[in-house]
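Below is one structure; the comments refer to it alone.
What follows draws every value from the coordinates through simple rules; no lab data is involved. Quick caveat, the model's predicted, so the values are computed rather than measured. Reconstructed Cβ throughout: ideal geometry from the backbone, glycine too, with neighbour counts over all protein chains shown.
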Amino acid sequence: MAFKGLEVKKVNVLKDIVPYRRGQVISQNLIMNDSCDIRLFSFDSGEEIGLQVHSADILYWLQDGEATIVFEGSEVDIKENEAIVIGRDEAHGLNVKKPSKLFQITIYEREGKMEKLIKHIDHSKVFNMEEVLEYENDKVASMTLTQNDKMSLTLMSFDKGEGISTHAAGGDAMVQVLDGTVEITIDKDVFILNKGESIIMPAHIPHGLKPLKDSRCS
């Protein structure tokens, strides 16, 4: 299984997976390989990560609380449901003003590839994950932010009545609902997911998605 510590075919709320602990920073690794690293973090109030430089593009997505991304000579605040992409070799750190939880996706540099590893999003600018894609009448819209041989991160918006037909994929896939309500079928099991909920669809098992109202997912 690609995702560690998460059960397949079970509805999860990612921010509930890592607990708050007084005076601590807690992390749980979901995926770690030579192409990407996906982690969940919880920070108690006042905790921080000092200035660091990474040979990677990093997406920080705040699930709960308030955080500040610190650069050399400047800083930017991010709030719940907001995210920011930091490009490789850009020194930055993080501190929190109150207990906070975040999703960190790190995409490592591929040898000889110097283009942005996380695409279509302005780096070092705060954005709301729910607002990247508009709803399109009678259509499905998608935007792939990053893709390599080990993982793909795609945002999708669904007009009610659209969806993804039943199919099987070669790897595990996790869907998180950003907005709306969706019905996900995995084999013969049906799950209803609302905003903030996620589920892992196992490899080689037929699955499909139907929005019950206008919905956005990642």
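Please get the size of the charge dipole for region 12-127, origin at its Cα centre, with Cβ charges of +1 on Lys and Arg and -1 on Asp and Glu, quoted in debye to the nearest 20.
Values: 14 positive and 20 negative charges, 62 e Å.
Rounded to the nearest 20 debye, it is 300 debye.
So for each of 129-138, 191-200 I average, over its residues, the number of other beta carbons within 10 Å; can you give me the resulting order with the highest mean first? Write down the numbers at each step before the final one.
Details: 129-138: 13.9, 191-200: 17.8.
Top of the packing list down: 191-200, 129-138.
Using a Gaussian network model of the chain with C-alpha springs under 10 Å, which one of E109, E47, E75 is most mobile by mean-square fluctuation?
E75
How much length would be gained if the chain were fully extended between V13 and H120, taking 0.36 nm per residue of separation minus their Cα-Cα distance, in nm to one decimal?
Values: separation 107, 0.36 × 107 = 38.52 nm, distance 2.66 nm.
Contour length minus the Cα-Cα distance gives 35.9 nm.
Under unit Cβ charges (Lys, Arg +1; Asp, Glu -1), what dipole magnitude, rounded to 20 debye, does region 131-217 have relative to its Cα centre?
Here region 131-217 has a charge dipole of around 140 debye.
So if the hydrodynamic radius of the chain is defined as the Kirkwood radius over C-alpha pairs, what does Stokes-Einstein give as its diffusion coefficient at 37 °C and 0.692 mPa s, in µm² per second?
Working: Rh = 18.0 Å.
Here the translational diffusion coefficient equals 182 µm²/s.
Counting Lys and Arg as +1 and Asp and Glu as -1, each charge on the Cβ, what is the dipole of the chain about the Cα centre in debye, to the nearest 20?
On the way: 25 positive and 36 negative charges, 114 e Å.
The calculation lands at about 540 debye.
Just H123, H204, H92 to compare: in a GNM of the chain, with alpha carbon springs under 10 Å, which one fluctuates most?
Of H123, H204, H92, the most mobile in the Gaussian network model is H204.
Have a look at V175, N95, N12 and report the one farthest towards the positive end of the charge dipole of the chain, computed about the Cα centre with Cβ charges (Lys/Arg +1, Asp/Glu -1).
N12
Determine the equivalent ellipsoid of region 106-218 by diagonalising the alpha-carbon gyration tensor, then write out the semi-axes as square roots of 5 times the eigenvalues, largest first, rounded to whole Å. Could the numbers behind the result be given before it?
Numbers: eigenvalues 127, 71, 26 Å².
With the √(5λ) rule applied to region 106-218, the semi-axes are 25, 19, 11 Å.
Per residue of region 169-186, what does 6.51 cos²θ - 1.76 cosθ + 1.60 with θ = phi - 60° give for ³J(HN,Hα)? Whole Hz please, x for Gly and Pro, Karplus curve as stated.
Values per residue, Gly and Pro as x: 10, x, x, 4, 9, 10, 10, 10, 7, 8, 7, x, 9, 10, 9, 10, 10, 10 Hz.
Based solely on C-alpha atoms, express the radius of gyration and the Dmax of region 12-127 in angstrom.
Every Cα atom of region 12-127 included, Rg and Dmax give 13.7, 43 Å.
Could you compute how fast region 111-157 diffuses translationally, taking Rh as the Kirkwood radius over C-alpha pairs and applying Stokes-Einstein at 37 °C with viscosity 0.692 mPa s? Give it in µm² per second. Kindly include the intermediate steps, with their values, before the conclusion.
Numbers: Rh = 12.4 Å.
In µm²/s, the coefficient rounds to 264.
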